[in-house]
Amino acid sequence: QVQLVESGGGLVQPGGSLRLSCAGSGSNFSIYPMAWYRQAPGKQRALVAFILSGGTSYYADSVKGRFTISRDNAKNTVYLQMNSLKPEDTAHYYCNTYSPPRYPWGQGTQATVSS
């Protein structure tokens with residue numbers, strides 16, 4: 001059974017940075033496009049960014065220029081570097097394959113941006 005384990009969230013002030021990690025145990029998701037999603041209170045889960053196995057990436061307009069997605073296929077790990085954070089980035093962040101999400105959702109990691 002594939003397990004996705006997200007980590008790296010926390011409380012940060014506006015303008016700060018966080019680096020999220022997602023490790024996939026029991027899987028070889030290096031062949032799949034991988035994505036980060038987020039869900040804010042009262043809102044639906046939304047795509048933040050995805051990255052193809054070769055490294056090409058896509059970003060939602062709201063995070064373009066501030067977030068960077070990357071992957072280490074040898075470690076079955078995907079990262080999300082989040083810079084210049086804004087209060088509206090506050091959400092629970094999840095990783096999964098992109099379109100469609102193939103694996104059971106992990107517990108996610110909470111990022112809170114507040115002064």
Hey, what did the chain get for relative contact order, percent, Cα under 8 Å, at least 6 apart?
37
Where only protein heavy atoms count, and the probe is 1.4 Å, what is the accessible area per residue for the chain in Å²?
51
Sparsely packed trypsin sites (Lys or Arg not before Pro) within region 1-45, loop by DSSP, other Cβ within 10 Å at most 13
Lys43
In the chain, what percentage of the DSSP-assigned beta bridges are antiparallel, given to the nearest 5?
90
With a 1.4 Å probe and all protein chains left in place, how much of the accessible area of region 1-68 comes from carbon and sulfur atoms, in whole percent?
50
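The values are calculated or read from the model by the stated rules, or taken from the named source; none is laboratory data. Just so it is clear, the structure is predicted and the values come from calculations on it, not from any experiment. We place every Cβ from the backbone using ideal geometry, glycine too, and count neighbours over all the protein chains shown. Ligands, DNA and RNA are excluded from the accessible area calculation, which covers all protein heavy atoms including side chains. Shrake-Rupley method; radii C 1.70, N 1.55, O 1.52, S 1.80 Å.
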